[in-house]
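These notes are about the structure you will find just below.
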Amino acid sequence: KLKHKDGFNMYGRKGYQLVKDFASGEKGQLKPFNSKLFDETIEECRQNQRLIQSLMRKMEQEGLDVQNNRNADYYGALVHHLSLIRNKRCLMAYVHNRADIVRDLGWRVGLELPPEIQEKLTTLEKEYFKNHSAAIKSYMGKAGIDLNVDMVPPKDPYIKVRVVGDIDEGIVMSDKTTNFARHSMHFLKRTDAEPYIARKWASTISVVASSLFAFIIVFQIPLFRVACRNKTCESPLEVISSQLVGSEFVPPPLVKTLLYPGATAMSLLCGSPLPSYHNLFHFYHFDQLSRPSSSLSTDDIRHLEVFAGCCLCLLGALLSIFKPIRLTFIGTLLIYWGLLRDILLFNSSVRVYPTLFLASLSAFLSIRSDVRKIIQCCCCTSKPLSKSL
């Protein structure tokens, strides 16, 4: 640190923060472009340049030889020059490393980026990826091969395909136009068939997994056993409802509406009469929670991660009706963290059931883009098999 007239100031700090921001991300993954810090680094470079020019003019006005004189102004200009060079290197390193990842995405994700990645790119980075993809497509077109399909050469370039559903007519393959009538059989290049197969399987797996997760949450399949207020809860909805009923933050009819499907399912499994909607709180032993507590209990504080994870799971299960989102998987991870923390630190009677692993797996598989990547990475490269398109 150097003493400046405005106090202590570390030259080159902005460039260091910019590089540190890039390094803090997951390896091989892009964070949103930090335009604010990038512009601040450029402004610091301009400030260094102005101070260098000011000190040089001062030495010239004093009649000093800028090249040979070694006074305070000379070393001050040298410090600003080194700071300027350092910031420029940090800027170039930031842009260069992001460009490397953007270029690598063409091989790992495909030549068409999904929206969740595009929103992290700047306009220039999108243009760079577009030009890079165009160059790859041009080369593959001239060479007659698709370099983006297999890192390991397949034993046979063709695959037998059976059409099991209605798809677009007149699809143009690499060498011909094909009409995929339902139940028809085709012998196609793997490079043409694999994207449709991966898309179909990814869509099917995502729908099944999101439906299974919503079923587990809504019908209150036991996932764990944890203390919540004056009872034991075994599902995310029970944890959330115990807090809502005890705090009276949400109208009771809404809480009962969320609980009723699970209560009906438990009654049917046990062979007991269906619970009454009006006495639903008695069914869950929530009668003593109607009075709002003045402060959080010790159990509530200890299980904040579990409560937050349960809220994300419920929200994700409800939103999965429209589109599966990552909130479900993040919620299960939070629940795992809260339960593990409770077991290790407090040696409590918390229990984790195997169904929690099933819920986590279904939450992960409900993310269609991730499932598509897994399928593309695990495509079979052995002898040609009959596939469903």
Range of Cα positions in region 104-147 per principal axis (Å), largest first:
32, 18, 14
Using 7 Å Cα-to-Cβ label points, what is the residue 57/residue 123 separation (nm, one decimal)?
3.4 nm
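Could you compute the FRET efficiency for residue 267 and residue 344, with r as their C-beta to C-beta distance and R0 at 35 Å, rounded to 0.05?
Details: r = 36 Å, r/R0 = 1.04.
E between residue 267 and residue 344, to the nearest 0.05, is 0.45.
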Which part of region 305-325 falls in the paramagnetic zone of residue 257, meaning amide N under 12 Å from the point 7 Å along Cα-to-beta-carbon?
none
Enter the Cα centre distance for the pair region 263-282 and region 204-251, rounded to the nearest angstrom.
16 Å
Order of exposure, largest accessible area first, which applies to 270, 45 with probe 1.4 Å:
270, 45
Note on region 311-361: the mean projected area of its alpha-carbon convex hull, in nm², is 3.6 nm²
Round to the nearest 10 and report in Å² the accessible area of residue 122, as given by a 1.4 Å probe over the protein chains' heavy atoms.
40 Å²
Distance histogram in 5 Å bins (all Cα pairs of region 54-119, percent per bin):
4, 14, 15, 11, 9, 8, 7, 7, 6, 6, 7, 5, 1
log₁₀ of I(q)/I(0) at q = 0.25 Å⁻¹ - region 332-372, Debye sum with one point per alpha carbon
-0.83
Using a Förster distance of 45 angstrom, determine the FRET efficiency expected from the C-beta separation of residue 49 and residue 333, and round it to 0.05.
0.40
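The values are calculated or read from the model by the stated rules, or taken from the named source; none is laboratory data. All figures in this text were calculated on a predicted structure; none of them were measured in a lab. For neighbour counting, all protein chains shown are included, and Cβ atoms are generated from backbone atoms with ideal geometry for every residue, glycine included. When the accessible area is computed, the model is the full protein with side chains, heavy atoms only, and any ligands, DNA or RNA have been set aside. Shrake-Rupley method; radii C 1.70, N 1.55, O 1.52, S 1.80 Å.
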